[in-house]
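A short worksheet on the structure shown next.
The values are calculated or read from the model by the stated rules, or taken from the named source; none is laboratory data. Remember, predicted model here, so these are calculated numbers, not experimental data. Using ideal geometry, Cβ is built from the backbone for each residue, glycine included, and neighbour counts are taken over all protein chains shown.
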Ligand code: SAH
Ligand code: SF4
Ligand code: F3S
């Protein structure tokens, strides 16, 4: 009987995609997927370290597995991968006796080898070396669950060292993937029926092709835009300071590029942005938003925001609120500042905003943002929008959901066979986190 694996993923899309890669590798090695601990022979916990709360999830999960093992007398092999594995290495073994393998972010390809070795090894295995400079991965091996959308990594690592951020330490230096290889992977996704691709990189618009000096991010967008069958292109996350005129003109020119930008700002206060080493000011950001909206009418913006960064005063936080009001984001991920190992902020700056005050600020910000989202959605009432169907409810297959080009979530009744097709939907009800409507025409292979 085939051995079974379970992969649990925390963190960003890059981790989700690494899990898809690990699933492909394990299946090639003869494993079969399962979705419960009960019959898993191997549990892979693909971790995130971006905030302390994310890191804690690893230990909570290990506690669960320990509980299961003592109840049933059956302990699966446990591999810890991802950003906490890279950051903590062998120290994880001191915190849990359950772990058999610790695998770093640049060693994904080694997973099957380590699993084979761990079966007979006396000691747990740790491999967090960072020898790969080039993020190539065998084409076709990735096991992608989503039949509609495909992630494609174009850059790994980051050299920006924003003072709060652990990512440069867990993902390493910025490495760019070859243009030819990216285009081949996108072609493969199109051939397998995927309609949407999402290009991934810590600073995705910093792309510069190692195999083509003339190809920057705008050039790469144009190249993947030419792939027949791909109808929508998204990317995450662009950095405000790399949104050049050429980049904006490219978005204007290429209709398959979705009318949504996730543009992390982090704070509305230039003083705090400087302390974060974001390399953009409040004014730069607001000017960029104006420019984007003038060039691309109707473009929807989302962002990431941190509250309670060291030294953030009530006035600084007010600046975050006024920026939020001024931009009117369609959505926002907001976080309480959390000091992370190795980062400049954790080493040099006191975490001096109290937990209660961080909580107060995030609640005020989230309430304001929620009201803005609800207003923006309400303004779309009665409109007919073009939706790429990406979800059909498991228990009620006629309940469909999808997204507009601007990334609004649209729920509507239909047929599960419409998955991966475009449906015009007239909006009849709206809320803060999505809208509801009725189909206004037939499902189509291409945007309506
Ligand atoms: N590469 C992206 C962000 C990656 S991390 C960019 O440059 O914008 C995702 C988000 O987590 C960040 O945008 C930030 O808002 C949040 N974040 C990162 N480190 C954090 C920390 N120490 N405390 C709280 N939030 C943090
Ligand atoms: Fe982290 Fe800044 Fe790099 Fe984004 S740009 S991954 S926030 S260091
Ligand atoms: Fe988390 Fe690592 Fe992504 S820290 S956000 S999983 S790059």
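The table for this structure:
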read-out	value
Any hit, the range 133-144, residues being in the same structural domain as residue 199 (by TED's automatic domain parsing), under 26 Å from residue 407 (Cβ atoms) and surrounded by fewer than 20 Cβ atoms within 10 Å (Cβ to Cβ)	no
Count - residues of the range 41-70 that are over 22 Å from the mean Cα position of the chain (by Cα), surrounded by fewer than 15 Cβ atoms within 10 Å (Cβ to Cβ) and over 14 Å from residue 8 (Cβ atoms)	2
Residue match in the range 330-343 (condition: closer than 24 Å to residue 255 by Cβ and surrounded by 14 or more Cβ atoms within 10 Å (Cβ to Cβ))	yes
Residues located in the range 151-184, provided they are more than 16 Å from ligand 1 (Cβ to nearest atom) and either surrounded by 20 or more Cβ atoms within 10 Å (Cβ to Cβ) or part of a strand (DSSP E or B) (or both)	152, 177, 179, 182
Where residue 238 falls short, out of the listed (1) within 12 Å of ligand 1 (Cβ to nearest atom); (2) under 30 Å from residue 314 (Cβ atoms)	(2)
Of residues in the range 212-237 being in contact with a helix residue (DSSP H, G or I) (Cβ under 8 Å, 6 or more places away or on another chain) and assigned to a strand (DSSP E or B), the one surrounded by the most Cβ atoms within 10 Å (Cβ to Cβ)	235
Residues located in the range 139-151, provided they are at negative phi and away from ligand 3 (no atom under 16 Å from the Cβ)	139, 141, 142, 143, 144, 145, 146, 147, 148, 149, 150
Residues of the range 39-52 that turn out to be in a loop (DSSP other than H, G, I, E, B) and within 25 Å of residue 340 (Cα to Cα), as a count	4
Count of residues meeting criterion [in a loop (DSSP other than H, G, I, E, B) and under 29 Å from residue 422 (Cβ atoms)] in the range 185-203	5
From the options 386, 304, residue that is surrounded by 13 or more Cβ atoms within 10 Å (Cβ to Cβ) and closer than 30 Å to residue 48 by Cα	304
From the options 251, 301, 292, residue that is touching a residue at least 24 places away in the same chain (Cβ under 8 Å) and in a strand (DSSP E or B)	301
Residue among 130, 81, 36, 120 that is in a loop (DSSP other than H, G, I, E, B), away from ligand 2 (no atom under 16 Å from the Cβ) and closer than 30 Å to residue 208 by Cβ	130
Test: residue in the range 53-69 that is in the same structural domain as residue 115 (by TED's automatic domain parsing), within 16 Å of ligand 2 (Cβ to nearest atom) and part of a strand (DSSP E or B)	no
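Listed here are the residues, each with its yes/no results for (1) buried (at least 17 other Cβ atoms within 10 Å of the Cβ); (2) over 22 Å from the mean Cα position of the chain (by Cα); (3) in a strand (DSSP E or B); (4) assigned by TED's automatic domain parsing to the domain that holds residue 257.
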position: 390; (1), (2), (3), (4): yes, no, yes, no
position: 396; (1), (2), (3), (4): no, yes, no, no
position: 402; (1), (2), (3), (4): yes, no, yes, no
position: 420; (1), (2), (3), (4): yes, no, no, no
